[in-house]
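Below is one structure, written out as structure tokens; the observations come after it.
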Amino acid sequence: MFLLCGCGTGSQPTRLRSQDNNGGGGAAAFTFLWGRPRWNRPDMRLTYAVSPLATADHLPRDAVREAFRSALARWAEVTPLRFAEAARYEEADIRVGFYLHTADGKCDACGCVCKGGGEEALAHAHPPQDGRIHLHAARKWAVTNVAGAGGDAPPLAVDLESVAVHEIGHALGLGHSSSESSMMYRHYRGKVSLTDDDVKGVQELYGAKPPRVDLTADSKPKRVETIREIEQHIQQKKETAKKKPFFWRLVRLPLYPPCLACAVNS
């Protein structure tokens, strides 16, 4: 069994309560990284990039990019966060690379040590505002259903996207969950999905995704007419008035003409 780590910070147990299936209160399983770090972006937009140099020999870089794009989309579905690939690796908020680890579990890139009980780490991530994600380059990684991956997954290969989702959770500020079904559980268990525990944890940091507003035919905003359109409308009214029968355009005469005698006497 392999470990999945958040580097450089301990996990801070949450004091929140969650509702169990029977409606009773229970301790929430999710945790935050120490100090409860988070990305403070008014527009909720984060950038990411995969290193063009720190790569795994058996994985095309485009396949890795696609796997992380899909992994980031899972978190974007439940939060207001938006992710965009950066043009330059050095300028990205979340930076992904493959690096070798020493026998004692130390990462060659950052010196982070992730090893416990004889178990070695598959990857580790740094919290906000760092955002680095380092994957063990010596592991056999599998990228499934991704264009450019090519071939079958090697035996005992680790699903890259599942690990990416977990490490992105650390890069967003989540610690490990005590729930074994959670994506943020500390041990790799193959392909898993976000659970309610994961969603509640990340939404405590960033809030829920705003509901989508679909414009219906009745709710579409009225079109504002231009000055040219108004002038054309007035001209059409004038043309319509000219086409009416002649007698409608005569000045109306009194129904009974004034008395001539009264007119003379006045």
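Quick note: the coordinates plus some simple rules give every number you see, no bench work behind them. For clarity, every value in this text was computed on a predicted model and none was experimentally measured. Heads up, the Cβs are rebuilt from the backbone with ideal geometry, glycines too, and the neighbour counts pull from every protein chain shown.
Summary of computed values
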item: Sequence-distant residues sharing a close amide H with C7 (under 5 Å, placed H); result: A125, H126
item: Derived scalar couplings ³J(HN,Hα) [segment 27-37; Karplus, 6.51 cos²θ - 1.76 cosθ + 1.60; whole Hz; x for Gly, Pro]; result: 5, 5, 7, 6, 9, 10, 5, 4, x, 6, x
item: Spacing of the two label points (7 Å from each Cα toward its C-beta) at K209 and V78, in nm; result: 1.1
item: Long-range HN-HN contacts of R45 with modeled amide H, under 5 Å; result: R82
item: Segment S70-L100, length gained on full extension (0.36 nm per residue, minus Cα span); result: 8.3 nm
item: Extension gain from Q129 to H58, taking 0.36 nm per residue of separation minus the Cα-Cα distance; result: 22.5 nm
item: Under 5 Å, built H, 5+ apart or other chain: amide partners of L33; result: Q12, L174, G175
item: R189 paired with R45, simple spin-label distance in nm, labels 7 Å along Cα-to-beta-carbon; result: 3.7
